[in-house]
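Enquirer: First, the structure itself, so that you have it in front of you.
Here, each number is a calculation from the coordinates, and none is a lab measurement. All values derive from a computational prediction rather than experimental measurement. FYI the Cβ positions are ideal-geometry reconstructions off the backbone, even for glycines, and counts take in every protein chain you see.
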Amino acid sequence: MKKLSIILWGVIIFLFILEIFSHKEVYLTRWDEEYWRQRYEKSQWAKGWEAEEKMGDAELYAYAGWRQIKGEDPTKINPEVPPFGKYLIGLSILFFGNPYIQAPLFGLLYLLVIFLWGKRVLKKDILALIPVFLIFADPLFRENLTTSMLDLPFSLFIALAFLFLAKGRKNYWFYLPAVVFLGAVAATKFYLVGFALTLVFLAYLLFLWVVFRYKDVFWFLLFLPVFLIFYFGNYLVYFLSGHNILDFKYLHFWIRHFARVQVESYPKGEIFRILLFGKWRTWWNGGEIIRLASWRPWWFLGFLALFASFFSNFKKINFDILILCLWPTLLLFMFSFGVPYPRYLLPVLPPLYILLCYNLNKIYQRWQK
């Protein structure tokens with residue numbers, strides 16, 4: 001079995017390298033600061049929606065990240081998105097001369113963390129590799145390997161935060177990296193997701209309190225201020241530029257308002273249409289519903305496995321399964337109140353795949369008896 005798992009890992013890495021090599025021109029393109037400065041200044045981000053040239057989110061994050069790495073206040077360009085993920089893209093430009101090389105690095109780490117999660121729950125390397133294969137085969141994952149969007153690092157930080165939360169039951173010091181990665185989640189895409197995840201972590205710790213694991217709660221709360229230190233630290237240049245805590249409070253009220261008013265009439269809960277049926281209600285052309293070529297039936301099956309795991313876990317609590325249930329439930333709830341994109345499912349799918357494998361393995365074991 002060990003040899004087989006090594007062979008399968010070799011296959012995954014080989015396919016991963018092929019995927020990267022097939023897009024080598026993306027990673028070999030050198031960053032041209034002057035070109036992207038002009039693109040930005042002529043784009044809708046600088047001139048409003050009447051601008052003749054349009055600049056996509058990925059290009060905006062890369063340009064903002066480069067300016068941030070050079071010491072600019074992170075609220076000068078793209079203030080509606082927290083700075084940490086853009087700092088990482090800026091570091092990619094600084095060290096590699098390219099904003100896209102960071103994506104395969106985060107992608108490979110994401111696959112590894114999914115494997116570690118799978119092994120923790122499914123116990124066998126072979127079974128743990130199934131969710132890894134499913135994620136790698138998913139177009140959502142492969143599309144993000146050639147872009148400077150924030151979804152891959154965001155997904156990785158969520159998976160790591162939950163992994164260290166689970167490991168904290170054996171060693172309290174693991175709660176420290178758990179809160180650090182919570183801070184990374186909040187500082188990468190939308191701060192409310194990080195703060196909401198913190199509430200989910202506290203709800204999980206409440207379960208531990210009920211079973212008399214008081215030290216878990218104590219140590220987690222002891223480390224929790226690190227979350228705020230990490231988050232505020234990403235805005236250090238902002239504060240050094242003369243802003244105060246009231247400005248910071250107003251900034252975050254504005255960010256929340258910006259997210260809420262983008263498409264006010266967009267219906268709630270559309271993320272479930274994407275997940276369950278592979279249909280996406282766009283926010284242009286009158287809200288046309290389009291079919292997603294990237295949809296896979298195991299997205300739906302994974303959602304069913306989430307429900308099955310919730311109910312089966314009431315009889316005898318398995319804390320790892322509890323975490324895997326809380327993880328996608330919270331994200332789907334949060335994504336229900338905005339305009340969802342299919343790529344938002346990237347951090348949701350791994351726990352669904354692991355739960356699907358977990359439930360199918362349980363059915364198989366019962367059938368064997």
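Enquirer: To check my understanding: the extent here is largest minus smallest coordinate of the Cα atoms along each principal axis. What are those three numbers for the stretch 1-63, in Å, largest first?
Expert: The Cα atoms of the stretch 1-63 stretch 60, 21, 15 Å along the principal axes, largest first.
Enquirer: Follow-up. Please compute the Kirkwood hydrodynamic radius over the stretch 133-210, one decimal place, Å, based on all pairs of different Cα atoms.
Expert: About 13.5 Å for the stretch 133-210.
Enquirer: More than 18 Å apart: what percent of Cα pairs in the stretch 262-369 qualify?
Expert: Percent of Cα pairs beyond 18 Å in the stretch 262-369: 52.
Enquirer: In the structure shown, do any of Lys2/Lys167; Lys119/Lys268; Lys170/Lys362; Lys76/Lys268; Lys42/Lys189; Lys2/Lys316 have a Cα-Cα gap over 27 Å, and if so which?
Expert: Where the Cα-Cα span goes over 27 Å, the pairs concerned are Lys119/Lys268; Lys76/Lys268; Lys2/Lys316.
Enquirer: Check cross-link reach from Lys3 to the aspartates and glutamates: straight Cα distance under 20 Å, and skip same-chain residues fewer than eight apart.
Expert: Asp125
Enquirer: Oh, and also: With an 8 Å Cα cut-off and a minimum separation of 6 or more residues, compute the relative contact order for the stretch 20-159 in percent. Numbers along the way, then the final one.
Expert: Values: 160 pairs, mean separation 33.4, N = 140.
Computed value for the stretch 20-159: 24 percent relative contact order.
Enquirer: Would you mind ranking Ile289, Ile158, Ile271 by Cβ crowding within 10 Å, fewest neighbours first? Intermediate values should be presented prior to the final figure.
Expert: On the way: Ile289 11, Ile158 30, Ile271 24.
So the residues, fewest neighbours to most, are Ile289, Ile271, Ile158.
Enquirer: Where in the chain lies the longest segment free of chymotrypsin sites (Phe, Trp or Tyr not before Pro) that are both loop residues by DSSP (not H, G, I, E, B) and have at most 13 other Cβ atoms within 10 Å?
Expert: So the longest stretch without any such site is 50-211.
Enquirer: Moving on. What do you get for trypsin sites (Lys or Arg not before Pro) in the stretch 165-236 restricted to DSSP loop and a cutoff of at most 16 other Cβ within 10 Å of the site's Cβ?
Expert: For trypsin sites (Lys or Arg not before Pro) across the stretch 165-236 that sit outside H, G, I, E and B with at most 16 neighbouring Cβ atoms in 10 Å, the list reads Arg169, Lys170, Arg213.
Enquirer: About the Cα centre, and with charges only on the beta carbon of Lys, Arg (+1) and Asp, Glu (-1), how big is the dipole of the stretch 262-369? Nearest 20 debye, please.
Expert: Roughly 460 debye for the stretch 262-369.
Enquirer: Can I ask one more? Run the numbers for Asn244 and Phe232: contour at 0.36 nm per residue of separation, minus the present Cα-Cα distance, in nm.
Expert: Difference between extended and current length: 3.1 nm.
Enquirer: Whole-Hz Karplus ³J(HN,Hα) for the stretch 225-232, in order, using 6.51 cos²θ - 1.76 cosθ + 1.60 and θ = phi - 60°, x for Gly and Pro?
Expert: Karplus-based 3J(HN,Hα) across the stretch 225-232 equals x, 4, 4, 5, 4, 5, 5, 5 Hz.
Enquirer: Counting C-alpha atoms alone, how compact is the stretch 166-300: give Rg to one decimal and Dmax as a whole number, in angstrom.
Expert: When restricted to the Cα atoms of the stretch 166-300, Rg and Dmax are 19.6, 55 Å.
Enquirer: Taking +1 at the Cβ of each Lys and Arg and -1 at the Cβ of each Asp and Glu, which of Asn361, Leu304, Phe258 sits farthest along the dipole of the stretch 255-369 towards its positive end, judged by Cα position relative to the Cα centre?
Expert: Towards the positive end, the residue furthest out is Asn361.
Enquirer: How are the Cα pair distances of the chain distributed, in percent, across 20 Å bins from 0?
Expert: All Cα pairs, binned at 20 Å, distribute as 26, 60, 14, 0 percent.
Enquirer: Using +1 at the C-beta of Lys and Arg and -1 at the C-beta of Asp and Glu, which of Pro177, Leu145, Ala187 has the Cα lying farthest in the positive direction of the dipole of the stretch 112-189?
Expert: Of Pro177, Leu145, Ala187, it is Pro177.
Enquirer: Whole-Å semi-axes of the stretch 82-158's equivalent ellipsoid, largest first, each the root of 5 times a Cα gyration tensor eigenvalue?
Expert: Sorted largest first and rounded, they come to 26, 12, 10 Å.
Enquirer: So for the pair His257, Leu15, with labels modelled 7 Å out along Cα→Cβ, what separation do we get in nm?
Expert: It works out to 4.8 nm between the two label points.
Enquirer: Please get the size of the charge dipole for the chain, origin at its Cα centre, with Cβ charges of +1 on Lys and Arg and -1 on Asp and Glu, quoted in debye to the nearest 20.
Expert: Working: 39 positive and 24 negative charges, 383 e Å.
The dipole magnitude comes to about 1840 debye.
Enquirer: Going by Cα centres, the stretch 308-369 and the stretch 159-191 are how many Å apart?
Expert: About 19 Å separates the Cα centre of the stretch 308-369 from the one of the stretch 159-191.
Enquirer: If you don't mind, another one. What full-extension length gain, to one decimal in nm, is calculated for Asn285 and Ala51 as 0.36 nm per residue of separation minus the Cα-Cα distance?
Expert: Taking 0.36 nm per residue and subtracting the Cα distance, the gain is 82.3 nm.
Enquirer: Please rank Val179, Val339, Val132, fewest neighbouring Cβ atoms within 10 Å first, as an exposure proxy. Show your work: numbers first, answer last.
Expert: On the way: Val179 26, Val339 16, Val132 23.
Ordered by Cβ neighbours within 10 Å, fewest first: Val339, Val132, Val179.
Enquirer: Each residue of the stretch 338-343 in turn: what ³J(HN,Hα) in whole Hz from Karplus with 6.51, -1.76, 1.60 and θ = phi - 60°, glycine and Pro shown as x?
Expert: x, 8, x, 10, x, 5
Enquirer: Eigenvalues of the Cα gyration tensor times 5, then square-rooted: what semi-axes does that give for the stretch 51-111, in whole angstrom, largest first? Each step should come with its number before you reach the end.
Expert: Working: eigenvalues 80, 38, 26 Å².
Each semi-axis is √(5λ); the values are 20, 14, 11 Å.
Enquirer: A follow-up question, please. How about the stretch 221-274: which trypsin sites (Lys or Arg not before Pro) there lie in a loop by DSSP and see at most 14 other Cβ atoms within 10 Å?
Expert: Those that pass, being in a loop and sparsely packed, are Lys268.
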